[in-house]
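Here is the structure we will look at.
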Amino acid sequence: MEHRGVSFSIVEMRYLPGWQWTVGKGRTVSVGVCATRADAIRQAQTFIDAIMDWAA
């Protein structure tokens with residue numbers, strides 16, 4: 001998936017209930033865990049918005 005030109009992935013976790021989001025650009029990677037897929041997408045997009053606004 002992509003948001004504001006930054007790619008991210010959403011993966012359902014195998015051993016624990018929940019969804020993992022990963023945002024990576026270059027060598028920097030950030031990861032979070034949410035209860036639902038929709039929450040994981042929203043949290044990853046919010047994270048991307050925050051880093052893009054900070055970098056501007």
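Between D39 and Y15, the distance separating the two model label sites (each 7 Å from Cα on the Cα→Cβ line) works out to 2.1 nm.
Of all the accessible heavy-atom surface of the chain, with the other protein chains kept in place and a 1.4 Å probe, what percent is carbon and sulfur? Provide the component values of the computation, followed by the final result.
Values: 2280 of 4130 Å².
Roughly 55 percent, rounded to a whole number.
For the chain, the Cβ-based charge dipole about the Cα centre amounts to some 160 debye (Lys, Arg positive; Asp, Glu negative; other atoms uncharged). Other residues with beta-carbon under 10 Å from the beta-carbon of W19 carry, at +1 per Lys or Arg and -1 per Asp or Glu, a net charge of -1.
Surface exposure of the chain, expressed per residue as accessible area with a 1.4 Å probe, stands at 74 Å².
Given the alternatives (i) 63; (ii) 41; (iii) 74, volume of the Cα convex hull per residue in Å³ as computed for this entry is given by (iii). Helix 37-55 sits at what angle to the longest principal axis of the chain, using alpha carbons and giving 0 to 90 degrees rounded to 10? That works out to roughly 20 degrees.
The values are calculated or read from the model by the stated rules, or taken from the named source; none is laboratory data. Keep in mind it's a predicted model, so treat the numbers as computed, not measured. FYI the Cβ positions are ideal-geometry reconstructions off the backbone, even for glycines, and counts take in every protein chain you see. Quick note on the areas: whole protein, heavy atoms, side chains included, nothing else; ligands and nucleic acids left out. Shrake-Rupley method; radii C 1.70, N 1.55, O 1.52, S 1.80 Å.
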